[in-house]
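Only one structure is covered here, and it is reproduced in the block below.
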Amino acid sequence: MTATLSRPHHMAGLALARGLFPNNVALASSDPGGDPSTLYPAERLAIARAVPARQREFAAGRDAARRAMAQRGLANSPIPMSSDRAPLWPQGVTGSISHCQSCCLAAIALRTDARALGLDVEEDTPLSDDLIAEICTPFERAWLSEQSTLQARHWAKVIFSAKETAYKCQYTVTRRLFGFDGFEISLDQKIGHFEARFTASIAPFARNTALMGRFGIGNGLIVTGMFLTCG
């Protein structure tokens, strides 16, 4: 773990995220301990039965999303939750929200600029062996076996984050649910890029279709991002 930051941790996450997306994606951060009283009624209703910690995370995510929307001159409006728990973005907008213990991030773009976005933020802590077995495919575990034990657990966490980002991105397009084995991740550690390859056909994506993403690591955080162009 890194030393305590001299600035809010969520700002460090925002700095990492800015390097992952083109300029037509608006990004914002917030402290993950959000204030549920700032939510719109439809948003409060969606999390009325959630525990207080979840309500604070939800409020932080909506706060970050509205900050990002404001950067594009969009009105401050509700972002309720659909029955599948995905954000219901205003018409003409696509986006992604993520949070961990110390950081909350949101990315939004106009649908004229992006087909879909994916964003994930994680604490840069090692992934345990039992979770590696659950999350990583045989191909990914074979690659991890070539790393030292500590590095393998670190890169496994990056693979996990990349899968979260790729899943969010594809879900905007397919509305299909699937598990961790639905993507196989290849990392380019030198340039901070990753490839998420479909292991089965999920219309409109054929099996072996590769979605390209990027990752950034620093200040105790891992941030992954993905941008699908229109067309």
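The values are calculated or read from the model by the stated rules, or taken from the named source; none is laboratory data. No experiment lies behind these values; they were computed from the predicted model shown. Note: ideal-geometry Cβ built from the backbone for every residue, glycine included; neighbour counts use all protein chains shown. Surface accessibility is based on the protein's heavy atoms, side chains included, excluding ligands, DNA and RNA. Shrake-Rupley method; radii C 1.70, N 1.55, O 1.52, S 1.80 Å.
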Output the 0 to 90 degree angle, nearest 10, between the alpha-carbon long axis of helix 9-18 and the longest principal axis computed from the alpha carbons of the chain. 70 degrees
Contact order relative to length for the chain, counting C-alpha pairs under 8 Å separated by 6 or more residues, stands in percent at 22 percent
The helix 52-71 Cα axis meets the longest alpha-carbon principal axis of the chain at an angle in degrees, between 0 and 90 and rounded to 10, of 80 degrees
Per principal axis, largest first, the Cα atoms of segment 110-223 extend in Å by 42, 30, 22
Would you mind working out the accessible area per residue for segment 1-98, using a 1.4 Å probe, and quoting it in Å²? 53 Å²
Provide the solvent-accessible area of Val121, counting protein heavy atoms only and rolling a 1.4 Å probe, rounded to the nearest 10 Å². 0 Å²
Can you compute the charge dipole magnitude of segment 1-81 about its Cα centre, using +1 on each Lys and Arg Cβ and -1 on each Asp and Glu Cβ, nothing else charged? Give it in debye, rounded to the nearest 20. 80 debye
Rounded to a whole %, the carbon-and-sulfur portion of the accessible area of the chain at a 1.4 Å probe is 52 percent
With every protein chain present, what is the per residue accessible area of segment 118-166 (1.4 Å probe, Å²)? 43 Å²
Once the in-chain neighbours fewer than 8 apart are removed, the aspartates and glutamates whose Cα is under 18 Å from Lys168 read Glu57, Asp84, Asp113, Asp120, Glu122, Asp181, Glu184, Glu195
Dividing the convex hull volume of the Cα atoms of the chain by its residue count, what figure in Å³ per residue is obtained? 131 Å³
Note, Ser96: beta-carbon cut-off 11 Å, +1 each Lys/Arg, -1 each Asp/Glu, net -1
